[in-house]
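Q: I'd like to ask you about the structure that follows.
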Amino acid sequence: MPFTSGFDSAGNAFLNIGGASVQSELMQILEQDAIDPGSKPGYQACKTIYSTHPLGARMVDKPIQLAMSQEREIEVPGGPTEILVKAFRKEWNRIGAIGADNIIFRAVQLSLIYGVSTLFVNALKKDGKPEPSEQPFDFDKLWEQDLYFNIYDPLNTAGSLVLNQDPFAVDFMHPKQVSVGSMVLSNTKSIVLMHEQPIWIEWSDSAFGFVGRSVYQRPFYPLKSFIVSMIADQMIQDKLGLLVWKAKSPGAVVDMVARAFKAMQRSAIRGARTNNVLTIGESEDLASLNLEHVATAGEYSRRNIIKNIATGSGMPAQLLSQESLAEGFGEGSEDAKQIAVFIDEMRREMNPIYAFMDKLVQYRAWNPVFYEDIQRRYPQDYGSLSYKAAFHKWSDSFVAKWPNLLTEPDSEKSKASQAKVDSATKLAQAILAANPGAKTKAAVCEWLASVVSEEDDFYSTPLLIEAEDVEEAAEEAEAMMGETDPDEEEPENEGAGGNKMAVGNVKQNARRLRVA
């Protein structure tokens, strides 16, 4: 209820409580007495919580942002991977005029808010009109058409996503045909996203069906408690500047002079500032409210409320409290591991819509015009291969993986690289110490160079060794050393000169190694 305060004409303070007020939509929802533990939010409640609740948007957007904070690692084995990936990413970033990432984000966002959402994509005709929504896609022509994307919430698709509860039905507990009003959506043009899996005969008020459930459903009651804690914060803030004047009560008869004097004292206390001098009576006192124990109780209550909300939504509390991790993601702390596990689960939930978008982007990026350029570049591999055969080969081998959210710090990477190189060096030395043949020596040198070159975080430039030159130099060195008979006695001077010459030839052959 609203309250007003002030001073009357005689200087007396007053506080009025009451009067009519217009509550916000959030307060109208969360102040209902009917909201108890286990209450389910409806469609409007979920929309209001996301739009106006301090934690509403964070509970939905933050997990998606973390899940999509890294770019997927894409590979196309058996094809010109670099060219294919470059074309795929280019189309991925421009499809629908806003990019596939934004489209996916918005679709997943609505599914978390309400429990279910639908992504619909359609093509425009040459006259600018959309194709019939129930008509399946002609994927062979998809690359030359303009596409547009619509994302529908449960109110748009109400009635078509109730889901069949007949255990013997073909479409039992999964969507068969989606419609928006009287417009039927082709299954090749639409995909339904659900937050969590539906439960048999478990109605979701926010999604108008037996489908998934809103991220707000379980923590609905603590979300109300959070608003109450905000009201308490405001009350404490209002009282921080309140001064209590402990004055002697006036007698039974108060004349106008005494009343005016008291009003003057209140005015002086109210207007006192730093560097002013304030005079009060000897038996009077001036103090602020004692809020010493409010901080401990308030922090305890607020912390538990946030933990209850996080527990109900299944996410780590750090995502809601915005507390920084004791250690970063690279250190592998327990908090970071919990967040990483939660994000991995979020990514698995998003896999279907990524697969849906991957297919559209592939048909548009790897189109017939693109394939003509591939044929010109690689005539031996693709000159006689048809476009459809090549496309299906690339599409079937297409692999997209999420990188690990927990990354090692640079210091740990350097230690691992150094240990790997040291281990490889010791192994190479052990093999060469056995004095193997020239081919083995060349193979060992080439292998060691490849190991060193792989550690691009440790060495800035690769080590390139010509194995043939190593083998040739080793053979010449062996032949030179074999010409000297160890049992034959030679003059000291000649023998010394011959050994020096042999060593010189070995060094000269070693210089022929080309190391870049």
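Here is a yes/no grid of residues against (1) touching a His at 6+ places or on another chain (Cβ under 8 Å); (2) farther than 19 Å from N150 by Cβ; (3) at pLDDT 95 or above; (4) in a helix (DSSP H, G or I):
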| site | (1), (2), (3), (4) |
| --- | --- |
| V192 | no, no, yes, no |
| I201 | no, yes, no, no |
| K224 | no, yes, no, yes |
| V228 | no, yes, no, yes |
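Q: Same structure again: Given the criteria of a type in the set (A, V, I, L, M), open to solvent by less than 10 Å² (accessible area, probe 1.4 Å) and either at pLDDT below 95 or closer than 30 Å to W203 by Cβ (or both), does I98 qualify? Even if it seems obvious, please write down each step before you answer.
A: Details: of a type in the set (A, V, I, L, M): yes; open to solvent by less than 10 Å² (accessible area, probe 1.4 Å): no; either at pLDDT below 95 or closer than 30 Å to W203 by Cβ (or both): yes.
Here the answer is no, as I98 does not meet what is asked.
Q: Then there's this: Mind checking which residues of segment 12-30 are part of a loop (DSSP other than H, G, I, E, B) and modelled with pLDDT under 70? It would help to see each step written out before you state the result.
A: Filtering segment 12-30 for residues part of a loop (DSSP other than H, G, I, E, B) gives 12, 18-24.
N12, G18, G19, A20, S21, V22, Q23 - these are the residues of segment 12-30 that are part of a loop (DSSP other than H, G, I, E, B) and modelled with pLDDT under 70.
Q: Now for a separate question. Does segment 174-183 contain any residue that is assigned to a loop (DSSP other than H, G, I, E, B) and loosely packed, with under 13 Cβ neighbours inside 10 Å?
A: At the first step, the residues of segment 174-183 found to be assigned to a loop (DSSP other than H, G, I, E, B) are 174-177, 181-182.
From what is left, the residues that are loosely packed, with under 13 Cβ neighbours inside 10 Å are 181-182.
Yes, that holds for at least one residue.
Q: With respect to A258, is the statement that it is part of a helix (DSSP H, G or I), modelled with pLDDT under 90 and farther than 30 Å from A295 by Cβ true? Give the steps one after another, and end with the answer.
A: Working: part of a helix (DSSP H, G or I): yes; modelled with pLDDT under 90: yes; farther than 30 Å from A295 by Cβ: yes.
It is true that A258 is part of a helix (DSSP H, G or I), modelled with pLDDT under 90 and farther than 30 Å from A295 by Cβ.
Q: Could I ask something else about it? Quickly run through segment 374-386 and pick out the residues that are open to solvent by less than 70 Å² (accessible area, probe 1.4 Å), more than 12 Å from P80 (Cα to Cα) and not small (G, A, S).
A: Keep residues of segment 374-386 that are open to solvent by less than 70 Å² (accessible area, probe 1.4 Å), which gives 374-375, 382-383, 385-386.
Filter once more, so that each one left must be more than 12 Å from P80 (Cα to Cα): 383, 385-386.
L385 - this is the single residue of segment 374-386 that is open to solvent by less than 70 Å² (accessible area, probe 1.4 Å), more than 12 Å from P80 (Cα to Cα) and not small (G, A, S).
Q: Go through segment 40-79 and give me each residue that's open to solvent by less than 60 Å² (accessible area, probe 1.4 Å), within 15 Å of S313 (Cβ to Cβ) and in a loop (DSSP other than H, G, I, E, B).
A: Across segment 40-79, the qualifying residues are P41, H53, L55.
Q: Output the number of residues of segment 281-309 satisfying the condition of being farther than 30 Å from F342 by Cα and either assigned to a helix (DSSP H, G or I) or open to solvent by 60 Å² or more (accessible area, probe 1.4 Å) (or both). Please lay out each step first, then the result.
A: Pass one, segment 281-309, residues farther than 30 Å from F342 by Cα: 281-297.
Of the ones still in play, those that are also either assigned to a helix (DSSP H, G or I) or open to solvent by 60 Å² or more (accessible area, probe 1.4 Å) (or both) are 282-283, 285, 288-290, 292-297.
Count: 12.
Q: I would also like to ask the following. Among the residues of segment 124-155, count how many are out of contact with any Phe, Trp or Tyr (no Cβ under 7 Å at 6 or more places or on another chain) and part of a helix (DSSP H, G or I).
A: 3
Q: Sticking with this structure for a sec: Read through the list (1) at pLDDT 90 or above; (2) open to solvent by 30 Å² or more (accessible area, probe 1.4 Å), then give the number of the only condition that L84 fails.
A: (2)
Q: Please find, among V162, V170, the residue that is in contact with a strand residue (DSSP E or B) (Cβ under 9 Å, 6 or more places away or on another chain), in contact (Cβ under 8 Å) with a residue 40 or more places away in the chain and of a type in the set (V, I, T). It would help to see each step written out before you state the result.
A: Numbers: V170 fails: in contact (Cβ under 8 Å) with a residue 40 or more places away in the chain.
None of the others qualify; the one that does is V162.
Q: Any chance you could count how many residues in segment 387-399 are aliphatic (A, V, I, L, M) and open to solvent by less than 40 Å² (accessible area, probe 1.4 Å)?
A: If we filter segment 387-399 for residues that are aliphatic (A, V, I, L, M), which is where we start, we get 389-390, 399.
From what's left, open to solvent by less than 40 Å² (accessible area, probe 1.4 Å): 390.
Count: 1.
Q: Out of all the residues in segment 401-425, which are open to solvent by 70 Å² or more (accessible area, probe 1.4 Å) and either at pLDDT 80 or above or within 18 Å of the chain's Cα centre (by Cα) (or both)?
A: K401, N404, E408, K420, S423
Yes/no per residue for (1) buried (at least 19 other Cβ atoms within 10 Å of the Cβ); (2) part of a loop (DSSP other than H, G, I, E, B); (3) modelled with pLDDT under 90; (4) among the small types (G, A, S):
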site: T311; (1), (2), (3), (4): no, no, no, no
site: E323; (1), (2), (3), (4): no, yes, yes, no
site: G330; (1), (2), (3), (4): no, no, yes, yes
site: E345; (1), (2), (3), (4): no, no, no, no
site: P352; (1), (2), (3), (4): no, no, no, no
site: Q362; (1), (2), (3), (4): yes, no, no, no
site: E372; (1), (2), (3), (4): no, no, no, no
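Q: Quick one: V121 ticks every box in (1) surrounded by 13 or more Cβ atoms within 10 Å (Cβ to Cβ); (2) not in a strand (DSSP E or B) except a single one, so which number is it?
A: (2)
The values are calculated or read from the model by the stated rules, or taken from the named source; none is laboratory data. Please read all numbers here as calculations on a predicted model, not as lab measurements. As a convention, Cβ positions derive from the backbone with ideal geometry for all residues, glycine included, and neighbour counts pool all protein chains shown. Protein only, heavy atoms only, side chains kept; ligands, DNA and RNA dropped before computing areas. Shrake-Rupley method; radii C 1.70, N 1.55, O 1.52, S 1.80 Å.
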